[in-house]
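Since every read-out is calculated from the coordinates, none of them should be taken as a lab result. These figures come from a predicted structure and were not determined experimentally. Cβ placement follows ideal geometry from the backbone for every residue including glycine, while neighbour counts extend to all protein chains displayed.
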Amino acid sequence: MSIIIRTAKPEDVPFLVECNAAMAHETEHKALDRDVLTRGTRAVFDDPKRGFYLVAERGDEAVGCLLITYEWSDWRNGDWWWFQSVYVVPRARRLGVFRALHAEVERRARAAGAIGLRLYVERDNARAQQTYRSLGMEEEPYRMWRRGFKEFE
């Protein structure tokens, strides 16, 4: 069965919210506030500068999604495209769903003149890291740091 990748629509918000909640639970054992998550997901559709979502479908079923956001690089005079909120439903894993999403993101990024693709991954998620390596991605030499202004669990 082929995998179709399309730009998400506002009608996809419930699916995107469910995927984000499931991803947070699976990767960080966090239960996200659904109201905050829904508002945050809708906000992407309200302001295209925030990014865009893609949805992967097999047959008539949505089976995966991701969010692309942008980071300006003054060093390179261009945008990095960041993979965010990547999720593939369990029954569709290892079937090429992320590979198809990645290929579509790379196609769009190149066409838009982006300087490259980036993502972050949990330190212990060896399976995801192997997938990213197999797609030609390389580990960055940086550690991520933060200082939050709001408490989120």
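The table below gives the values:
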{"item": "Residue satisfying all of: in the stretch 1-41; of a type in the set (Val, Ile, Thr) and outside any helix (DSSP H, G or I); farthest from Arg94 (Cα to Cα) among these", "result": "Thr7"}
{"item": "In the stretch 101-144, the residues that are part of a loop (DSSP other than H, G, I, E, B), under 22 Å from Phe52 (Cα atoms) and either aromatic (Phe, Trp, Tyr) or within 17 Å of the chain's Cα centre (by Cα) (or both)", "result": "Ala114, Leu119, Tyr120, Val121, Leu135, Met137"}
{"item": "Test result for Gly64, small (Gly, Ala, Ser) and free of Cβ contacts under 8 Å to residues at least 40 places away in the same chain", "result": "no"}
{"item": "Count of residues meeting criterion [under 13 Å from Arg58 (Cβ atoms) and in contact with a Phe, Trp or Tyr (Cβ under 6 Å, 6 or more places away or on another chain)] in the stretch 75-94", "result": "1"}
{"item": "Residues located in the stretch 42-57, provided they are among the hydrophobic types (A, V, I, L, M, F, W, C) and either surrounded by fewer than 13 Cβ atoms within 10 Å (Cβ to Cβ) or part of a helix (DSSP H, G or I) (or both)", "result": "Ala43, Val44, Phe45"}
{"item": "The stretch 1-14 residues that are without any contact (Cβ under 8 Å) to a residue 40 or more places away in the chain and over 16 Å from Phe98 (Cβ atoms), paired with ones that are surrounded by 11 or more Cβ atoms within 10 Å (Cβ to Cβ) and of a type in the set (Val, Ile, Thr) (beta carbon under 8 Å, 6 or more apart)", "result": "Val13/Thr38; Val13/Thr41"}
{"item": "Residue selected from the stretch 58-100 under the condition β-branched (Val, Ile, Thr) and in a strand (DSSP E or B), by the criterion surrounded by the fewest Cβ atoms within 10 Å (Cβ to Cβ)", "result": "Thr69"}
{"item": "Arg146 without any contact (Cβ under 8 Å) to a residue 12 or more places away in the chain and either within 24 Å of Phe15 (Cα to Cα) or of a type outside the set (S, T, N, Q) (or both)", "result": "yes"}
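Okay, residues lined up against (1) under 24 Å from Trp81 (Cβ atoms); (2) over 16 Å from the mean Cα position of the chain (by Cα):
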site	(1), (2)
Ile3	yes, yes
Met23	yes, no
Val36	no, yes
Thr41	yes, no
Val44	yes, no
Lys49	yes, no
